[in-house]
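In what follows, a structure is listed as structure tokens, so that the remarks can point back to it.
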Amino acid sequence: MGKIVGAHGIKGTVKVFSYAESVSSFKPGSPVFVEVGGLEKTFTIEWVKSHHKTILMAFEGISSRDQAKELMGLELFMVRNLLEKPEAGVYYWSDIIGLSVFTVENEYLGRVVSIMQTGSNDVYVVKNTEGKAPAEILVPALEWVVREIDVDRKLMRVDLPEGLRDL
């Protein structure tokens with residue numbers, strides 16, 4: 001759901017770079033999980049608010065700047081059923097990562113391995129370890145490029161822009 005990128009103030013507040021489009025994904029009273037040294041640790045959100053390009057968040061039991069600084073760099077996770085169901089045509093990153101990607105001509109390009117945020121749209125990083133397709137293709141997450149996403153069948157169909165077709 002996000003990454004803790006810093007401490008804010010002296011009372012244990014953390015700054016979070018959110019992977020979610022809205023601060024409403026984080027609700028007071030909801031649990032979030034982090035992985036520390038291979039172990040999962042749970043925190044309960046006390047409060048949350050937008051702050052410039054990050055989110056400020058307070059956790060129960062974290063009350064000092066030093067405690068907040070110890071959390072820097074950790075990724076935040078949430079239980080899927082606590083999240084709001086996205087509207088039609090909108091997907092969580094976890095829905096997209098791992099999809100098999102094919103062209104509209106049914107040529108296999110690879111799997112989505114990560115997603116990059118850009119200023120205007122996300123970009124899907126598609127890697128292929130077999131076949132004649134390039135080892136990595138960057139697919140812009142635009143409606144006219146991404147023609148179909150079928151989460152149940154774990155597939156994405158794309159119509160690549162001219163510059164990417166002949167790589």
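The values are calculated or read from the model by the stated rules, or taken from the named source; none is laboratory data. Bear in mind the structure is a predicted one, so any value in this text is a computation, not a measurement. Cβ coordinates were reconstructed from backbone atoms using ideal geometry, including for glycine residues, and neighbour counts include every protein chain displayed.
Quick look at the values:
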| read-out | value |
| --- | --- |
| All positions within the stretch 29-56 that are farther than 26 Å from Ile97 by Cα and out of contact with any Asp or Glu (no Cβ under 6 Å at 6 or more places or on another chain) | Gly29, Ile45, Trp47, Val48, Lys49, Ser50, His51, His52, Leu56 |
| Residue within the stretch 122-129 that is touching a Lys or Arg at 6+ places or on another chain (Cβ under 7 Å), over 22 Å from Lys85 (Cα atoms) and among the basic types (Lys, Arg) present | yes |
| Condition met for Val5 (part of a strand (DSSP E or B) and within 22 Å of Asp122 (Cβ to Cβ)) | yes |
| Any hit, the stretch 22-30, residues being in a strand (DSSP E or B), of a type in the set (Phe, Trp, Tyr), in contact (Cβ under 8 Å) with a residue 24 or more places away in the chain and out of contact with any helix residue (DSSP H, G or I) (no Cβ under 8 Å at 6 or more places or on another chain) | no |
| Members of the stretch 10-21 that are buried (at least 18 other Cβ atoms within 10 Å of the Cβ), modelled with pLDDT of 85 or more and part of a strand (DSSP E or B) | Thr13, Val14, Lys15, Val16 |
